[in-house]
């Protein structure tokens with residue numbers, strides 16, 4: 001069951017993921033993957049696991065805010081997300097030009 005607290009955490013995770021992917025894009029850094037993103041979010045104090053990051057990234061992709069390459073190991077069922085890129089719509093949300101009530105940008 002999703003509570004108000006869980007909803008706020010999900011909104012913040014979406015916003016933070018978008019902010020970090022945007023920062024990597026703006027700094028012309030190397031493309032990041034889901035494991036790197038998970039580590040960055042954890043270092044910023046978020047209690048998030050790799051599976052939560054995959055869930056957040058899939059949601060952001062469904063909304064056309066990010067693009068990436070997803071592969072699945074057919075033997076282990078392990079998912080890998082690589083080459084994270086922010087879209088123009090994602091940049092608009094990260095920059096505050098557009099708003100999405102499901103994303104919390106600080």
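The values are calculated or read from the model by the stated rules, or taken from the named source; none is laboratory data. Every value quoted in this text rests on a predicted model; they were computed, and no experiment measured them. Note that we place each Cβ from the backbone using ideal geometry, even for glycine, and neighbour counts take in every protein chain shown.
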- prompt: Say we look at the range 26-52 and pick out the residues that are more than 25 Å from residue 72 (Cα to Cα) and in a helix (DSSP H, G or I); which of these is modelled with the highest pLDDT?
  reply: 43
query: Could you list, in sequence order, the residues of the range 67-97 that are surrounded by 14 or more Cβ atoms within 10 Å (Cβ to Cβ) and under 25 Å from residue 5 (Cα atoms)?
result: 90, 93, 94
message: Go through the range 53-66 and report how many residues are buried (at least 16 other Cβ atoms within 10 Å of the Cβ) and either assigned to a strand (DSSP E or B) or on the phi > 0 side of the Ramachandran plot (or both).
response: 1
